[in-house]
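Before any comments, here is the structure.
The values are calculated or read from the model by the stated rules, or taken from the named source; none is laboratory data. Note that the structure is a prediction, hence the values are computed from the model and not measured. We place every Cβ from the backbone using ideal geometry, glycine too, and count neighbours over all the protein chains shown. For accessibility, only protein heavy atoms count, side chains too; no ligands or nucleic acids. Shrake-Rupley method; radii C 1.70, N 1.55, O 1.52, S 1.80 Å.
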Amino acid sequence: MQIPKGVKHSLWGVIDAALYPVVSIATIPIMIHGMGLVTFGLWILLNSMITILQLFNFNTGVANMGMATVRNVSAAPGDNDTRQMNDIVNGTLHIILLFFIGIVGIGYILSLVAVQNGWWGLGNAKGTNVALCILLATIIAGLKYFDQVFQSIIKAYERFKMSSILNMIYRFGSLGLTLVMAVAHYSLDKILWANIVFLIAYLILQFCCVKWIMPAWRIGKLRESGQYKSILHISIWPWIQVVIVVLTFQTDRFWVSSNFGLKVVSGYGLVSTIFNHIHMIFTAMAFWILPRIALMVKKGEDPAKLYYLVRGTVLGIIVIALLSFNYAAPMLLPFWAGKDTSAMLLVYIKYFVGFEIVFAHSIMPSFYLNAAGKGRLATKLILVYCSVCYMFMLCGLWLYHTPMAMIGGMTIAMCVTMPAVNAVVQKEMYQTYSWRQALFEMLPMYGAILLLYNDNNMWAYIVLAIIVSMLLWKFYLSNLFNNRRWQQTPYM
């Protein structure tokens, strides 16, 4: 049987999202030894700055999601309008160029102010041109805006294999270059300069690939200046969504640090970072559906069958993978982090697994609503469940005063709000909805969370495990093994 294209796209997305974090984490001791602890700390700070500055790129968002660009470019061929497609790409690049100039200007000011005022302990980095390093880091952040646009265009044409290979070329090439220069004891500013040169060469390679995919594309002016307004209008909602999610699920570390100290937040933050990467892998599994739905909506076709088939398959795999990780973690973490550190991390694993099981349910609704042109509605939904999540997180902290209670509060909030998200998606697809169906679709998630938290009664555990298996099969996995259903589903 030929492997469906959607499965191939998912595999390439997972490979791209999973390999780099594993290799990067494994090479941290080498980096520390080559740079020294203080310089490595500055390197980490600069990388965090680069990540935060991605929030200013509201046309493509952070983590290379690119919802707005993908939707714009993938929908354009539906009109067979080459000039329209040129306007979309050129308009996006013009906007990104302005953002790049603005970010470099911010970086220049920040490099002066931060060093003069000794922010973030920068005075400890003796012998390093810290101001220059900050400026170079902002240049890298700005250049990555172009990377995100090119990646989004390639994904819009469903060249996910090419996208993944290119992304891995850059990420592993940059990592290898940094490692070699760190071991050779080059200064941090020279390492950053080398990364800029490598990134520019990589952007030229991406440009050539985009020209190959879109031979009719020509760099130039727009036919109508109003196209800028259209691009920004569609782009603003995915950007707001990214800001809401980042602020909700990144500021918890500051609450932990404020209430329990830096020692506690080190373990909490490391486990949180691991699950951030896990969530990115799960997102990559389903991202290919976004341009498909955008094109189907443009043609007036019904994407419901495709949506539910992919959603069930992805969620079934996610639940099984997370439960397996929960039970394998006590054996795997000591090999990576050592006995003492792993003991500090393991106390959070079960709670983050439970949260990710239900949080992963939000991936597909966001993709569908943004691809279908319902960005404003998707933003409202994300604002609602993120607000409830934040409120429950603070309630857990206030009532029980433990980091685990904070994670538990977020998990409960997602369990409460996700049926409403299901109902909204149903309403948009069918102009009607069923609360019973919206709730029943969550039963595999609820069962898996109960299974996690039930670690005392063996018989209850066995019964729950059987029930969860049956629910996963009924609601998620049965269609995965139904070859006839896959063949009947369009664009698979």
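Is it the case, given these coordinates, that Trp459 is under 22 Å from Val314 (Cβ atoms), over 25 Å from the mean Cα position of the chain (by Cα), of a type outside the set (S, T, N, Q) and modelled with pLDDT under 90?
No; evaluated as a whole, the condition is false for this residue.
Conditions (1) farther than 18 Å from Tyr145 by Cβ; (2) of a type outside the set (Gly, Ala, Ser); (3) in a loop (DSSP other than H, G, I, E, B), marked per residue:
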site: Tyr186; (1), (2), (3): yes, yes, yes
site: Trp193; (1), (2), (3): yes, yes, no
site: Leu199; (1), (2), (3): no, yes, no
site: Ile204; (1), (2), (3): no, yes, no
site: Pro215; (1), (2), (3): yes, yes, yes
site: Arg218; (1), (2), (3): yes, yes, yes
site: Lys221; (1), (2), (3): yes, yes, yes
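Looking at segment 415-472, which of its residues are aromatic (Phe, Trp, Tyr) and over 22 Å from Thr379 (Cα atoms)?
Phe440, Tyr446, Tyr453, Trp459, Tyr461
Taking the stated definitions as given, is Asn457 under 28 Å from Trp237 (Cβ atoms) and not basic (Lys, Arg)?
Judged against the criteria, Asn457 is not a match.
Filter segment 356-375 down to residues that are surrounded by fewer than 23 Cβ atoms within 10 Å (Cβ to Cβ) and free of Cβ contacts under 8 Å to residues at least 60 places away in the same chain, then give me how many there are.
2
Return the residues of segment 141-155 that are open to solvent by less than 10 Å² (accessible area, probe 1.4 Å) and over 16 Å from the mean Cα position of the chain (by Cα); say none if nothing qualifies.
If the condition is that a residue be open to solvent by less than 10 Å² (accessible area, probe 1.4 Å) and over 16 Å from the mean Cα position of the chain (by Cα), then Ala141, Gly142, Ile153, Ile154 are the ones that fit.
Tell me, please, whether a residue that is farther than 28 Å from Arg311 by Cβ, open to solvent by less than 20 Å² (accessible area, probe 1.4 Å) and more than 23 Å from the chain's Cα centre (by Cα) can be found in segment 342-354.
yes
So which residues in segment 123-140 are open to solvent by 20 Å² or more (accessible area, probe 1.4 Å) and modelled with pLDDT under 90, if there are any at all?
Of everything in segment 123-140, those that are open to solvent by 20 Å² or more (accessible area, probe 1.4 Å) and modelled with pLDDT under 90 turn out to be Gly123, Asn124, Lys126, Gly127, Thr128, Asn129, Ala131, Leu132, Leu135.
Here is a yes/no grid of residues against (1) touching a residue at least 40 places away in the same chain (Cβ under 8 Å); (2) buried (at least 20 other Cβ atoms within 10 Å of the Cβ); (3) not charged (D, E, K, R):
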| site | (1), (2), (3) |
| --- | --- |
| Phe254 | no, no, yes |
| Ser258 | no, no, yes |
| Ile289 | yes, yes, yes |
| Arg292 | yes, yes, no |
| Lys305 | yes, no, no |
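Quick check: anything in segment 186-194 modelled with pLDDT under 90 and over 17 Å from Ile139 (Cα atoms)?
Yes, that holds for at least one residue.
Listed here are the residues, each with its yes/no results for (1) under 27 Å from the mean Cα position of the chain (by Cα); (2) among the aromatic types (Phe, Trp, Tyr); (3) at pLDDT below 85.
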{"site": "Phe207", "(1), (2), (3)": "yes, yes, no"}
{"site": "Val210", "(1), (2), (3)": "yes, no, no"}
{"site": "Ala216", "(1), (2), (3)": "no, no, yes"}
{"site": "Glu224", "(1), (2), (3)": "no, no, yes"}
{"site": "Ile231", "(1), (2), (3)": "yes, no, yes"}
{"site": "Ser235", "(1), (2), (3)": "yes, no, yes"}
{"site": "Ile244", "(1), (2), (3)": "yes, no, no"}
{"site": "Phe249", "(1), (2), (3)": "yes, yes, yes"}
